[in-house]
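Asker: Before I ask anything, let me first share the structure, which is written out below as structure tokens.
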Amino acid sequence: MNAPKIIAIDGPAAAGKGTLAKRVAAHLGYDHLDTGSLYRAVASKTLRLGLSPEDAAQSFTVADLDATDLRSEKVAQQASVVAVVPAVRAALLAFQRDFARKPPGGTGAVLDGRDVGTVVCPWPDTLKFFVTASIDARAKRRYDELRARGESPMYASVFAEMAERDKRDSQRSAAPLKPADDAILLDTSDLSADDVFQAALAAIQGKTR
Ligand code: CDP
């Protein structure tokens, strides 16, 4: 019984991609790549070192993923700004494809992001999911996440920043956020993380040969 070797999970911020990707990867014994962390790492370099987005992306190495500000909202916003630049996307493409085709553990790969199913791994044998949720559900999740980290965000600004990032990610011309034609859609607004995992698992088993 062989599950697909490459699983792509795309969707907007706080839709539950990361949680699902980690669980699927752990279940199958696959490696997981959060592709958003690459854009965040490039964004962090532009903010800390004053580099242009292109230079920050071209000099990207895995060590950049250790930046301590990677999960901040400031870096998230800047990530969606640098992600608009085609040269940035091009510079990060080979790293993502190498990971998908030759994952460190050699078994399989789960990649989550915005364009994994459409641009990074658009191939027919990639199993593609598009995970969405209402903006209210997503803003509430991000708000709770920030509070759990000890921050004191304003709900209205979390909501506004998410709406702004959704718009920038969906309307850009380079690799806009959208489901691949053959993606399986999962709306997580009213589902628990466990429900989402079970739904994804059923789809993976359906593709297992
Ligand atoms: O965790 P969250 O969903 O909030 O964001 P993320 O996945 O870390 O992505 C941060 C930003 O990077 C997104 O808003 C996108 O603009 C960009 N990104 C992208 O353009 N392509 C990807 N494959 C992943 C992220």
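Read-outs throughout are calculated quantities, based only on the coordinates presented, and are distinct from any laboratory measurement. Since we're looking at a predicted model, the values are computed, not measured. Here the Cβ positions follow ideal geometry from the backbone for every residue, glycine too, while neighbour counts run over all protein chains shown.
Asker: Give all pairs with beta carbons closer than 6 Å in which a residue from region 3-23 that is surrounded by fewer than 22 Cβ atoms within 10 Å (Cβ to Cβ) meets a residue that is among the hydroxyl-bearing types (S, T, Y); count only pairs at least 6 apart in sequence or on separate chains.
Answerer: A3/T208
Asker: Within the set of pairs 6+ apart or on separate chains, which have a first residue in region 92-117 that is among the polar types (S, T, N, Q), a second that is exposed (fewer than 15 other Cβ atoms within 10 Å of the Cβ) and assigned to a loop (DSSP other than H, G, I, E, B), and C-beta atoms under 6 Å apart?
Answerer: Cβ pairs passing all conditions: T107/G29.
Asker: I need every pair where a residue in region 64-85 that is within 14 Å of S52 (Cα to Cα) has its Cβ under 7 Å from the Cβ of a residue that is within 8 Å of the ligand (Cβ to nearest atom) and of a type in the set (G, A, S), sequence separation at least 6 or different chains.
Answerer: These pairs meet every condition: Q78/A43; A79/G36; A79/A43; V82/A43.
Asker: Kindly state which helices (runs of 4 or more DSSP H) lie completely within region 10-62 and contain at least 2 residues that are small (G, A, S) and either away from the ligand (no atom under 14 Å from the Cβ) or within 23 Å of D187 (Cβ to Cβ) (or both).
Answerer: Working: elements: 17-28, 36-49, 53-58.
Ranges flagged: 17-28.
Asker: Taking the condition of being more than 11 Å from the ligand (Cβ to nearest atom), closer than 20 Å to R141 by Cα and over 16 Å from the mean Cα position of the chain (by Cα), how many residues in region 159-186 meet it?
Answerer: Matching residues across region 159-186 total 3.
Asker: Next question, about the same structure. If you go through region 62-84, how many residues are under 18 Å from the mean Cα position of the chain (by Cα) and over 22 Å from R142 (Cα atoms)?
Answerer: Within region 62-84, the subset under 18 Å from the mean Cα position of the chain (by Cα) is 62, 64-67, 69-84.
Among the residues that remain, those that are also over 22 Å from R142 (Cα atoms) are: 62, 64, 84.
Qualifying residue count for the region: 3.
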